[in-house]
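Written below as structure tokens is the structure these notes are about.
The values are calculated or read from the model by the stated rules, or taken from the named source; none is laboratory data. Keep in mind that what you see is a predicted model, and the values were worked out from it rather than measured. So basically every Cβ, Gly included, is an ideal-geometry build from the backbone, and we count neighbours across all protein chains shown. Accessible surface areas use protein heavy atoms only, side chains included; no ligands, DNA or RNA. Shrake-Rupley method; radii C 1.70, N 1.55, O 1.52, S 1.80 Å.
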Amino acid sequence: MTDKFLCDFRFLLLAAAVAFIYIQMCLFTTQSKYADRLANAVEAETRCTSQMRKLIDQISMQQSRIVDLEEDKKRQDEEYGQMKALVQDLQLKGLQRRMDKIQTPVAAVVIMACNRADYLERTIKSILKYQNAVASKYPLFVSQDGSDPQVREKALSYDQLTHMQHLDSKPVQTERPGELIAYYKIAHDMEIAPDFFDYFEAAAALMEKDKTIMAVSSWNDNGQKQFVHDPEILYRSDFFPGLGWMLTKSTWNELSPKWPKAYWDDWLRLQENHKGRQFIRPEVCRTYNFGEHGSSLGQFFRQYLEPIKLNDVQVDWKSKDLSYLMEDEYIKHFAEILKNAKPINGADAVLKASNVQGDVRVHYKDQPDFERIARQFGVFQEWKDGVPRTAYKGVVVFRYPPPRRVFLVGPKSFELLGIKSV
């Protein structure tokens with residue numbers, strides 16, 4: 001009986017064990033399913049979160065684009081308003097009728113202004129003093145950077161000119177460290193000489209004939225009173241002078257697509273932009289820069305700009321033969337003058353030059369040597385892209401003392417001018 005009971009009890013235990021194992025397997029299977037579902041749920045949530053982030057990023061990008069489009073629309077509306085005002089101004093002033101007269105336009109005169117209404121007025125009055133008689137040849141424009149109301153009011157007070165205004169919807173940002181924002185909104189404050197327009201008209205004819213001339217300038221960087229003498233002398237230069245200049249429409253069409261926002265004078269002095277073309281400059285300046293308080297913050301003003309000699313002689317440029325300035329002629333013309341100058345060597349170049357009769361030439365070895373000699377005489381020491389200011393074939397010429405000419409001659413100048421050692 002007992003043995004039978006024990007046997008039955010073992011069977012019950014075995015059945016219970018089987019049932020327990022079965023239940024555990026069922027639980028394990030269920031847990032595995034739920035674990036898989038949970039993993040799938042977590043993965044789905046992760047995908048959903050990722051998609052949500054992408055959607056948020058896309059929405060942010062779209063919002064940014066909407067803001068940019070709104071700013072573009074605002075800018076276009078402002079430009080449209082400017083163009084509309086310009087057209088109305090042209091219609092009111094009858095500029096087209098003036099340009100259709102017998103006299104053929106030579107060039108537009110553009111005054112760049114920003115925020116100095118008093119300087120603008122002085123410049124306009126100086127130009128109108130000599131421009132009225134040739135207004136149809138030289139229509140006058142004021143190009144204003146920014147929204148200064150006094151500058152705009154002053155420009156619009158003159159019926160003899162057309163005012164254009166350029167507005168920035170965004171704050172001006174410099175492109176390189178150390179640059180001045182003022183150079184991105186630059187104004188030229190100048191007075192002009194009595195023969196300013198005749199000079200440029202004669203030079204325009206020269207540019208049409210000689211495509212190696214990139215621009216004509218009214219400025220000589222070394223045009224201070226103590227360094228000039230002859231108002232009829234013109235030079236070719238490898239260095240863009242700036243401060244009152246003219247170029248052809250075809251040259252502007254070439255340069256304007258890549259024109260920089262600031263420092264365009266130094267930009268034009270780069271070989272990659274002027275491509276070996278040269279510039280015409282006078283010995284005696286046809287413009288005078290009175291802008292002591294400007295973008296240069298008075299830089300060099302007292303030393304280099306204030307002493308500039310503004311020509312006061314009415315030169316009859318129409319009667320002058322300027323063919324000597326043509327490329328092939330000028331290199332021979334300049335080489336001959338240079339050959340005839342007396343060489344001086346050693347230290348104390350200034351003293352030696354003062355004691356020699358006639359023109360003299362001083363040879364420099366390199367840029368530091370040039371700067372040393374230029375410092376002695378008091379002329380510009382600056383170079384840009386390997387070229388000294390005012391230089392032609394590495395030669396800088398000025399009067400010291402007038403009328404004696406001093407030539408600072410580079411190490412390769414004779415070779416470039418085709419001069420054998422003399």
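The one condition from (1) at pLDDT below 95; (2) buried (at least 17 other Cβ atoms within 10 Å of the Cβ) that GLU292 does not meet is (2). Evaluation of MET214 against the conditions (1) in a helix (DSSP H, G or I); (2) open to solvent by less than 30 Å² (accessible area, probe 1.4 Å); (3) over 21 Å from ILE124 (Cα atoms) shows that the sole unmet condition is (1). Suppose we keep only residues that are closer than 19 Å to ARG286 by Cα and open to solvent by 40 Å² or more (accessible area, probe 1.4 Å) within the range 111-128. Which one would you say is farthest from the chain's Cα centre (by Cα)? Ranking the candidates gives LYS125 first.
Looking only at residues that are modelled with pLDDT of 65 or more and crowded, with 16+ Cβ neighbours inside 10 Å in the range 165-193, which one is farthest from ARG116 (Cα to Cα)? Within the range 165-193, the match that is farthest from ARG116 (Cα to Cα) is ALA193. GLU272 fails exactly one of the following numbered conditions: (1) in contact (Cβ under 8 Å) with a residue 40 or more places away in the chain; (2) open to solvent by 10 Å² or more (accessible area, probe 1.4 Å); (3) under 21 Å from VAL387 (Cα atoms); (4) among the acidic types (Asp, Glu). What is the number of that condition? That leaves (1) as the condition not met.
Select from the range 62-99 the residues that are open to solvent by 100 Å² or more (accessible area, probe 1.4 Å) and modelled with pLDDT of 75 or more and list them in ascending order. Outline the logic, then answer.
Just the residues of the range 62-99 that are open to solvent by 100 Å² or more (accessible area, probe 1.4 Å), to begin with: 63, 65, 69-70, 73-74, 76, 80, 83-84, 91-92, 96-97.
Matches in the range 62-99: GLN63, ARG65, LEU69, GLU70, LYS73, LYS74.
Against the numbered list (1) in a loop (DSSP other than H, G, I, E, B); (2) within 18 Å of PHE239 (Cβ to Cβ); (3) in contact (Cβ under 8 Å) with a residue 24 or more places away in the chain, ILE419 comes up short only at (2).
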